[in-house]
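First comes the structure, then the notes that go with it.
The values are calculated or read from the model by the stated rules, or taken from the named source; none is laboratory data. Not measured: the values here are computed from a predicted model. Ideal geometry is used to build each Cβ from the backbone, glycine not excepted, and the neighbour counts take in all protein chains shown.
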Protein chains: 2
Amino acid sequence: MRRDKAHPLPEIRKQQKEPAVSDNTQDFNFLQGVKVVDFTQFEAGTTSTEVLAWFGAEVVKIENPGRGDPGRRLRPGKPDDDPWYFHQFNVNKKSLAINLKSPRGLEIVKDMLKQADVTVENMAPGTIERLGLDYDSVKKLNPRIIYCQIKGFGSGSPHERGLAFDMIAQAAGGPISVTGEPDRPPVKPGLSFGDTGTGMLMAATILGALHERNRTGRGRRLQVAMQDAMIHYMRTCFATMARTGNAAPRRGAKSGGGNNAPSGLYPAKGGGPNDYVYLTTSRANPEHWSRLMKLIGREDLIEDPRFATGDLRVKNEKELDAIIGEWTRQHDKREAMERLIAVGVPSGAVFDTMELQNEPSFEERGIMQSVHHHNGDYKMATWPVRIDGKTVRLKGSPALGQDSAEVLHNWLGIGEREIEKLRQEGVV
Amino acid sequence: MRRDKAHPLPEIRKQQKEPAVSDNTQDFNFLQGVKVVDFTQFEAGTTSTEVLAWFGAEVVKIENPGRGDPGRRLRPGKPDDDPWYFHQFNVNKKSLAINLKSPRGLEIVKDMLKQADVTVENMAPGTIERLGLDYDSVKKLNPRIIYCQIKGFGSGSPHERGLAFDMIAQAAGGPISVTGEPDRPPVKPGLSFGDTGTGMLMAATILGALHERNRTGRGRRLQVAMQDAMIHYMRTCFATMARTGNAAPRRGAKSGGGNNAPSGLYPAKGGGPNDYVYLTTSRANPEHWSRLMKLIGREDLIEDPRFATGDLRVKNEKELDAIIGEWTRQHDKREAMERLIAVGVPSGAVFDTMELQNEPSFEERGIMQSVHHHNGDYKMATWPVRIDGKTVRLKGSPALGQDSAEVLHNWLGIGEREIEKLRQEGVV
């Protein structure tokens with residue numbers, strides 16, 4: 001396996017020139033004045049509140065003083081310093097470390113909930129209720145609040161007691177069933193969109209519900225199940241089933257519908273594990289086909305009786321794939337991609353995380369940024385939507401409890417002396 | 001391959017009892033009064049405006065009178081009636097069929113843009129500009145508008161001219177590099193989150209930008225690239241790279257981090273293509289491990305020197321997987337899932353689209369609904385977040401141009417006689 005080591009961090013830092021950073025990133029205040037009491041942990045919940053933070057809300061993570069979000073400590077055999085996993089899902093937030101099992105700690109958090117616009121939790125089923133912070137109790141404290149819960153399975157589902165992580169959602173919500181080679185066991189899509197994919201749906205709903213709340217003054221209860229969220233992302237697979245009458249199958253590197261050929265992953269020069277290029281020709285635009293054949297020097301095949309129509313190309317796909325593979329094998333994946341793009345054929349090389357991390361254009365465009373954290377600088381991705389050409393500026397993720405004093409003072413007027421007392425009592 | 005045929009549609013219709021439907025679904029008006037001029041097609045764009053429609057905005061699809069959204073005609077060898085693919089991404093919207101290449105058609109759409117709060121497009125790079133509806137022109141017409149573009153690659157990226165579909169984004173943004181078996185070529189995650197995943201990020205940003213616009217009166221330009229959007233969903237893979245120093249690898253059915261064992265896909269009774277159950281034990285909660293061993297009758301292994309710590313279980317994962325597989329093979333996947341859930345071990349059977357489609361709980365909870373369309377009724381998924389316990393009520397997707405007269409009248413006061421003239425001139 002041909003793999004290069006990541007750039008060591010100091011080099012990344014040197015590359016970051018201050019003016020470049022400030023030119024392409026900016027703070028956004030879409031949600032000016034919006035206050036979020038954030039009980040989320042790991043990824044599905046934290047990603048939803050991170051969006052609110054990026055959009056300018058004040059998001060206060062409520063964490064256990066001893067342990068914090070369990071996402072802070074996922075590195076086997078390492079001290080419990082904040083890993084990259086935690087950073088990515090918690091930048092631009094504040095951390096209040098407070099013991100919810102102490103009566104005073106719970107009282108303080110209830111006082112914060114009275115002022116909050118939004119609260120979100122993704123604990124195991126039943127946990128928030130045992131803390132006395134169930135929906136009905138919080139609604140009594142603050143009828144304007146948007147109260148949000150993310151669980152593995154929906155309440156009312158046969159699996160509603162089930163704990164969930166990303167891979168459980170990807171199994172029970174369908175993604176695993178459609179991923180893998182046709183005659184082999186399924187595999188898990190390697191990324192955690194079971195988590196972040198769910199978080200995005202909750203984030204959008206919170207943003208929508210706030211519009212209504214601003215008009216009506218009434219709060220809402222929002223609930224999403226990770227299994228249900230996966231179905232939202234599986235809709236083309238349901239479309240395939242509606243067309244064929246059978247469960248959507250696994251199709252390896254091919255796309256689900258099977259309506260278009262040639263389309264797929266082709267081997268590029270080099271032979272490394274990710275030396276492949278994806279190209280596709282869409283039935284909706286017949287020019288893709290002729291452009292591709294011209295590019296690879298096989299204009300003769302455009303009207304060939306084996307390949308003259310969309311249906312024939314699907315039927316004789318294997319033959320066609322072999323012909324295209326002959327061409328792609330002669331080119332580096334980037335070169336193949338660029339040549340295909342130049343003639344107007346949809347194409348993408350398979351880039352791995354290292355190649356993406358080291359691609360300068362992401363920093364130039366503000367998509368990746370170097371973020372300062374107390375234990376080092378990190379280059380990571382920000383919210384990928386550009387707003388008037390700029391991206392959201394990243395601020396480091398908080399150390400556990402780093403904002404406790406500030407938050408308690410600003411939200412509740414609790415002074416230094418009282419905070420010191422709370423510290424001694426183990427409340428914060 | 002053991003697969004059951006889908007329920008024929010009439011049976012699904014019979015199962016739908018009216019009161020049940022009206023009990024668990026509702027119209028929501030989060031975006032009351034918000035008007036959207038929608039130039040989107042296929043999936044990445046349409047899914048973003050569909051969220052706005054579900055949240056109560058008036059979303060008017062602008063479609064070519066002859067052809068419409070190319071997503072309407074993806075069924076090979078079938079007449080161009082609206083396929084399921086189109087329905088799913090366009091329910092709750094209106095359709096205005098209008099010729100943008102006619103001066104009068106363009107003028108009408110410009111008049112609509114003057115009133116719109118949001119406009120979204122995901123055409124090929126350069127297309128909207130050639131129509132004269134580029135950002136600067138539209139901003140001059142309406143400085144309050146949120147102007148949104150979804151492309152394959154970011155402007156300023158080396159690939160900015162590249163056309164993109166779901167699989168191109170999944171190649172160039174990383175997901176394919178991490179999906180598949182370790183020593184085999186990569187595969188494509190079988191679902192189209194390259195499209196819907198991007199659409200969700202745009203939807204959230206529009207909802208955020210509208211908050212700001214309501215305060216400041218100023219519009220914004222929003223741009224997202226599908227490649228960049230994929231990186232947002234790849235962040236756990238970047239975390240793995242940060243930990244190991246190597247590009248995130250493919251790990252088959254295992255989850256990316258590799259920090260936890262036992263964890264993975266285990267074969268269930270039946271031997272069908274999706275007769276597997278996922279279970280995982282998290283290092284963050286050591287009880288998962290002991291609960292699992294008790295359930296499968298191997299309490300003796302809890303403190304076994306081969307498996308006594310998280311690190312040892314990762315090291316001796318294969319041995320452990322074989323032991324667990326012996327147990328899972330004796331149980332149907334649903335039974336295994338339920339028994340694991342009952343003792344508090346995170347677990348999910350691999351459900352395929354047919355099993356999900358036929359699972360009654362989705363309809364009972366309002367997540368799936370029967371939708372009426374002029375060529376039949378369809379059971380499909382709605383927005384998966386429940387709001388005060390109810391889901392968004394689905395309305396059929398529009399036939400091409402079905403709302404032309406209504407929209408032209410309501411937005412611009414164009415009367416019947418003028419509409420008839422526009423029809424005769426081929427403008428609408």
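A single member of A:M234, A:M230 is more than 7 Å from chain B (Cβ to nearest Cβ), in contact with a Gly (Cβ under 6 Å, 6 or more places away or on another chain) and in contact (Cβ under 8 Å) with a residue 12 or more places away in the chain, and it is A:M230.
To keep it simple, each residue is scored yes or no on (1) of a type in the set (V, I, T); (2) within 25 Å of B:E50 (Cα to Cα); (3) surrounded by 22 or more Cβ atoms within 10 Å (Cβ to Cβ); (4) within 7 Å of chain A (Cβ to nearest Cβ).
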site: B:R161; (1), (2), (3), (4): no, no, no, yes
site: B:T179; (1), (2), (3), (4): yes, no, yes, yes
site: B:P182; (1), (2), (3), (4): no, no, no, no
site: B:P189; (1), (2), (3), (4): no, yes, yes, yes
site: B:T196; (1), (2), (3), (4): yes, yes, yes, yes
site: B:L207; (1), (2), (3), (4): no, yes, yes, yes
site: B:R218; (1), (2), (3), (4): no, yes, no, no
site: B:A247; (1), (2), (3), (4): no, no, yes, yes
site: B:S255; (1), (2), (3), (4): no, no, yes, yes
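Every residue, every condition in (1) part of a loop (DSSP other than H, G, I, E, B); (2) in contact with a strand residue (DSSP E or B) (Cβ under 7 Å, 6 or more places away or on another chain); (3) at pLDDT 95 or above, yes or no:
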{"residue": "A:D23", "(1), (2), (3)": "no, no, no"}
{"residue": "A:G33", "(1), (2), (3)": "yes, no, yes"}
{"residue": "A:V37", "(1), (2), (3)": "no, yes, yes"}
{"residue": "A:T40", "(1), (2), (3)": "yes, yes, yes"}
{"residue": "A:L52", "(1), (2), (3)": "no, yes, yes"}
{"residue": "A:G56", "(1), (2), (3)": "yes, no, yes"}
{"residue": "A:V59", "(1), (2), (3)": "no, yes, yes"}
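Take A:W411 and tell me if it is within 14 Å of chain B (Cβ to nearest Cβ) and of a type in the set (F, W, Y). Considered against the rule, which asks whether it is within 14 Å of chain B (Cβ to nearest Cβ) and of a type in the set (F, W, Y), A:W411 comes out as no.
Going through (1) surrounded by 18 or more Cβ atoms within 10 Å (Cβ to Cβ); (2) under 20 Å from the mean Cα position of the chain (by Cα); (3) over 15 Å from A:A225 (Cα atoms) one by one, B:S370 falls short only on (1). Whether a residue is at pLDDT 95 or above, assigned to a helix (DSSP H, G or I) and within 24 Å of B:E338 (Cβ to Cβ) was assessed, and A:A169 passes this test. Would you confirm, using the coordinates I've provided, whether A:Y276 is in contact with a helix residue (DSSP H, G or I) (Cβ under 8 Å, 6 or more places away or on another chain), facing chain B (nearest Cβ under 9 Å), at pLDDT 95 or above and over 30 Å from B:G376 (Cα atoms)? Considered against the rule, which asks whether it is in contact with a helix residue (DSSP H, G or I) (Cβ under 8 Å, 6 or more places away or on another chain), facing chain B (nearest Cβ under 9 Å), at pLDDT 95 or above and over 30 Å from B:G376 (Cα atoms), A:Y276 comes out as yes. For the range A:218-272, what are the residues that are under 30 Å from A:L292 (Cα atoms) and among the β-branched types (V, I, T)? Residues satisfying the conditions are A:T236, A:T240, A:T244. Residues in the range A:296-322 that are touching a helix residue (DSSP H, G or I) at 6+ places or on another chain (Cβ under 7 Å) and away from every other protein chain (no Cβ under 14 Å): A:I296, A:R298, A:E299, A:L301, A:I302, A:R306, A:F307, A:L320.
In a residue-by-residue description of the range A:310-319, the property of being closer than 18 Å to A:Y266 by Cα, surrounded by fewer than 22 Cβ atoms within 10 Å (Cβ to Cβ) and among the hydrophobic types (A, V, I, L, M, F, W, C) applies to at least one position.
Out of the range A:235-288, which residues are part of a helix (DSSP H, G or I), out of contact with any Ser or Thr (no Cβ under 8 Å at 6 or more places or on another chain) and over 24 Å from A:Q330 (Cβ atoms)? Result: A:A239, A:A242, A:R243, A:T244. Consider A:I341 carefully, then state whether it is part of a helix (DSSP H, G or I), β-branched (V, I, T) and more than 7 Å from chain B (Cβ to nearest Cβ). So A:I341 does not fit the description; no. Just a yes or no: is a residue in the range B:298-310 farther than 30 Å from B:T382 by Cβ and in contact (Cβ under 8 Å) with a residue 24 or more places away in the chain? Yes, the range B:298-310 has at least one match. Note on the range A:122-137: residues that are touching a strand residue (DSSP E or B) at 6+ places or on another chain (Cβ under 7 Å) and either buried (at least 23 other Cβ atoms within 10 Å of the Cβ) or among the basic types (K, R) (or both) amount to 1. Within the range A:340-359, is even one residue touching a residue at least 12 places away in the same chain (Cβ under 8 Å) and more than 30 Å from B:A203 (Cα to Cα)? Within the range A:340-359, one or more residues are touching a residue at least 12 places away in the same chain (Cβ under 8 Å) and more than 30 Å from B:A203 (Cα to Cα).
When A:V277 is tested against the conditions (1) surrounded by 18 or more Cβ atoms within 10 Å (Cβ to Cβ); (2) in contact with a Gly (Cβ under 8 Å, 6 or more places away or on another chain); (3) closer than 24 Å to B:P83 by Cα, the lone failure is (3). Condition check for B:K151 on (1) closer than 30 Å to A:K269 by Cβ; (2) surrounded by fewer than 24 Cβ atoms within 10 Å (Cβ to Cβ): one failure, at (2).
The residue list B:S290, B:S263 contains one member that is more than 7 Å from every other protein chain (Cβ to nearest Cβ), surrounded by fewer than 24 Cβ atoms within 10 Å (Cβ to Cβ) and hydroxyl-bearing (S, T, Y), which is B:S290. Note on the range B:347-391: among residues that are more than 23 Å from B:T196 (Cα to Cα), out of contact with any Phe, Trp or Tyr (no Cβ under 9 Å at 6 or more places or on another chain) and in a strand (DSSP E or B), the one that is farthest from the other protein chains (Cβ to nearest Cβ) is B:D377. Kindly evaluate B:A242 against the criterion of being of a type in the set (A, V, I, L, M), in contact (Cβ under 8 Å) with a residue 12 or more places away in the chain and over 26 Å from A:H211 (Cα atoms). The answer is no for B:A242. Within the range A:244-256, does at least one residue satisfy the condition of being assigned by TED's automatic domain parsing to the domain that holds A:F39 and basic (K, R)? Among the residues of the range A:244-256, not one is assigned by TED's automatic domain parsing to the domain that holds A:F39 and basic (K, R), which makes the answer no. Go through the residues of the range B:323-333 one by one and say whether even a single one is part of a loop (DSSP other than H, G, I, E, B) and of a type in the set (G, A, S). Checked against the condition, which is being part of a loop (DSSP other than H, G, I, E, B) and of a type in the set (G, A, S), the range B:323-333 yields no hits at all.
I'm trying to understand the selection: among the residues of the range A:201-219, which are part of a helix (DSSP H, G or I), within 11 Å of A:R144 (Cα to Cα) and either in contact with an Asp or Glu (Cβ under 9 Å, 6 or more places away or on another chain) or not assigned by TED's automatic domain parsing to the domain that holds A:F55 (or both)? Those that are part of a helix (DSSP H, G or I), within 11 Å of A:R144 (Cα to Cα) and either in contact with an Asp or Glu (Cβ under 9 Å, 6 or more places away or on another chain) or not assigned by TED's automatic domain parsing to the domain that holds A:F55 (or both): A:L210, A:R213. Is it true that some residue in the range A:205-218 is more than 20 Å from the chain's Cα centre (by Cα) and of a type in the set (S, T, Y)? Yes, there is a match, as at least one residue in the range A:205-218 is more than 20 Å from the chain's Cα centre (by Cα) and of a type in the set (S, T, Y). When restricted to residues that are assigned to a loop (DSSP other than H, G, I, E, B) and over 23 Å from A:F28 (Cβ atoms), the range A:89-106 contains 5.
Going by the structure shown, is A:M337 over 30 Å from A:L52 (Cα atoms) and buried (at least 21 other Cβ atoms within 10 Å of the Cβ)? Here the answer is yes, as A:M337 does meet what is asked. Within the range A:122-142, being of a type in the set (S, T, Y) and either outside the structural domain of A:I98 (by TED's automatic domain parsing) or within 24 Å of A:F89 (Cβ to Cβ) (or both) holds for one residue alone: A:T127.
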